[in-house]
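Taking it in order: structure first as structure tokens, then the write-up.
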Amino acid sequence: MGDPSGFLKITKRELPVRRPVPLRLLDWKEVYEDFDDESLKGQASRCMDCGIPFCHNGCPLGNLIPEWNDLVFKDRWRDAIDRLHATNNFPEFTGRLCPAPCEGSCVLGINQDPVTIKQVEVEIIDHAFDNGWVVPVYPTQLTGKKIAVVGSGPAGLAAAQQLTRAGHSVTVFERDDRVGGLLRYGIPEFKMEKRHVDRRLAQMTAEGTVFKTGVNVGVDITAAELRAQFDAVVLSGGATDRRDLPIPGRELEGIYQAMEYLPQANRVQQGDQITDAEGLPPINARGKKVIIIGGGDTGADCLGTAHRQGAESIHQFEIMPRPPHERADTTPWPTYPLMFRVSSAHEEGGERVYSVNTEKFVGENGKLTGLHGHEVEFKAGRFEKVEGSDFTMDADIVFLAMGFVGSEKPGLLTDLGVEFDQRQNVKRNSDWETNVPGVFVAGDMGRGQSLIVWAIAEGRSCAAAVDTYLDGETALPSPIRPTDLPQR
Ligand SMILES: Cc1cc2nc3c(=O)[nH]c(=O)nc-3n(C[C@H](O)[C@H](O)[C@H](O)COP(=O)(O)OP(=O)(O)OC[C@H]3O[C@@H](n4cnc5c(N)ncnc54)[C@H](O)[C@@H]3O)c2cc1C
């Protein structure tokens, strides 16, 4: 380590400041100010020579965190990006968006605040792009094998980049009009500006990966055609089947799924006009009383989006009790800590309401006007109504942000004849292969709704399995096996 006692000298964990709320609500740009290099180097020096870096295990990608912390401390940024890229294709995504399980397992975190690993990560890749160090990496020879990747989220992109670099001819099919999956149309601009996706795609295109957008595989190209035209198929279509809330009044106008709302807001930021030609009216929270049902990250993304659109009021409902301010006893170090978190969207306003259940929606002339709910207590594994806690709340718009139940079954998956596991995700064996020979699966489609870092790790590992299937051996790394895992 550059400074083995750095953690004794710099005891305070520091992060870049967020731009002032009134200012950042005027635009959609990322919320953080720049972080100066000297402060960052100081933070990197807090990484101890801890002997067993549990952060390696905390990170599904197995990122070599102490090594690049040390390189940053020594101002060796170019070596740092090489170490980082050795395990992570897209640190610009994880450095901005990952909940950082690595920090949850940082040894320093046992009795101090953990190292700012995620911030070091994002600064390394931003320096690399700024200095022109992120250049195409070409395969040394071409294999002549053709691979179809279905879906262009982080899992599909990671698999595609690895397989292209291994010399295969890779085509990524995406049914949306732009590439990126949830990176593009789920995650709002204020969490990650889309220019980061675009510049990585420029590298991938230069390397030889072919992207075909507006192609709904299973409809525009049949399952049989896909298998006939390609030597192997990677399914990475995500877990796009949304959980609904089938209670009285659900049919009222004004109740939308989060993933009906967020893509529209993202499209506006990309310069698109929203028309109801896409089957939905334009959804805008300006001047509206908004209730978000679901207290997770997707709900927080709706919250930040509604703030920027100028909602009159916003409540975010969560059925679970409020988590503790410190690491919960149920998630001891080095596991990922369950605790109360304040995202940038929460800092911007709105009210979080815990331990509530929504009973019915009410409206007039077919339009939503509010909802009825009550408080709940979690007892013996189930929610029980707290008698006498009934309430009503006015609402013009409700967003359902309650997660996803798995992949979409009709169409491609049914036509291919893939089997599903007990959780209704596409079933795969320990080599990432489905029951259909030559058809593999990675990311949320096989894992269920999860995180970007897991999607990248699955994409990388699945690529190694596909390469072995095609060539009998592989030099590609495989950070995880399908059986590894907690689900988040
Ligand atoms: C609103 C929201 C915010 C999130 N924020 C975070 C975050 O901050 N940090 C984090 O770590 N995780 C976050 N997540 C989770 C993370 O985005 C996902 O775990 C990750 O994107 C999964 O990657 P994937 O490649 O498996 O699938 P996806 O990103 O879902 O991509 C799948 C792609 O496949 C395409 N597709 C599906 N079927 C077909 C077909 N038949 N033909 C062609 N294309 C098809 C879809 O259009 C989609 O573009 C968030 C999720 C949501 C919904």
Problem set entry | Surface accessible to a 1.4 Å probe, Tyr256 within the full protein complex, Å² | 30
Exercise. To the nearest 10 Å², what's Phe420's accessible area with a 1.4 Å probe?
Worked result: 60
Problem set entry | Estimated inter-spin distance, Trp333 and Asp36, nm [label 7 Å along Cα→Cβ] | 3.1
Problem set entry | Disulfide-incompatible cysteines by the Cβ rule (no partner under 4.7 Å) in the chain | Cys47, Cys50, Cys98, Cys106, Cys302, Cys462
Exercise. Using a 1.4 angstrom probe with every protein chain in place, what is the largest-first accessible-area order of Ser355, Ser105?
Worked result: Ser355, Ser105
For this session: Just add up the charged neighbours of Asp3: K/R +1, D/E -1, any other residue whose Cβ is under 12 Å from the Cβ of Asp3.
Result: +2
Exercise. Stretched out fully, how many nm does the piece from Thr213 to Arg78 gain, at 0.36 nm a residue minus the Cα gap?
Worked result: 45.2 nm
For this session: Using a/c under 1.5 as the rounded threshold, could you call segment 6-130 rounded, prolate or oblate? The axes a ≥ b ≥ c are square roots of the C-alpha gyration tensor eigenvalues, and prolate needs a/b larger than b/c, oblate otherwise.
Result: prolate
For this session: Could you tell me what fraction of 2.2 N^0.38 Å the Cα radius of gyration of the chain comes to, as a two-decimal ratio?
Result: 0.99
Exercise. Based on the Cβ-Cβ distance of Glu387 and Lys367, what FRET efficiency does E = 1/(1 + (r/R0)^6) give at R0 = 35 Å, to the nearest 0.05?
Worked result: 0.65
Exercise. Which of the residue pairs Lys289/Lys409; Lys191/Lys409; Lys360/Lys385; Lys146/Lys212; Lys74/Lys118 have a Cα-Cα distance greater than 26 Å in the structure shown?
Worked result: Lys289/Lys409; Lys191/Lys409
Problem set entry | Where labels lie 7 Å past Cα in the beta-carbon direction, separation of Asn131 and Thr11 in nm | 3.4
For this session: Would you rank Lys41, Lys146 by solvent-accessible area, highest first, keeping every protein chain in place and using a 1.4 Å probe?
Result: Lys146, Lys41
For this session: Using only the Cα atoms of segment 244-402, construct the convex hull and provide its projected area averaged over every direction, in square nanometres to one decimal.
Result: 11.1
Exercise. Using r as the Cβ-Cβ distance of Phe378 and Ala206, and R0 as 45 Å, what FRET efficiency do you calculate, to the nearest 0.05?
Worked result: 0.30
Problem set entry | Cα-based convex hull volume of segment 109-165 per residue, rounded to whole Å³ | 141
Exercise. So what is the calculated 222 nm ellipticity per residue for the chain, using -39500 (n - 2.57) for each DSSP H run with n of 4 or more, over all residues, to the nearest 500 deg cm²/dmol?
Worked result: -9000 deg cm²/dmol
For this session: Would you please name the trypsin sites (Lys or Arg not before Pro) within segment 298-346 that are DSSP coil residues with at most 13 other C-beta atoms within 10 Å of their C-beta?
Result: Arg341
Problem set entry | Ratio Rg/Rh [Cα only; Rh per Kirkwood] for segment 368-466 | 1.19
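The values are calculated or read from the model by the stated rules, or taken from the named source; none is laboratory data. Only a predicted model underlies this, so the values are computations on that prediction, with no experimental measurement involved. Please note: Cβ atoms are built from the backbone with ideal geometry, for glycine as well, and neighbour counts cover all protein chains shown. In case anyone asks, the SASA skips ligands and DNA or RNA and just uses the protein heavy atoms, side chains included. Shrake-Rupley method; radii C 1.70, N 1.55, O 1.52, S 1.80 Å.
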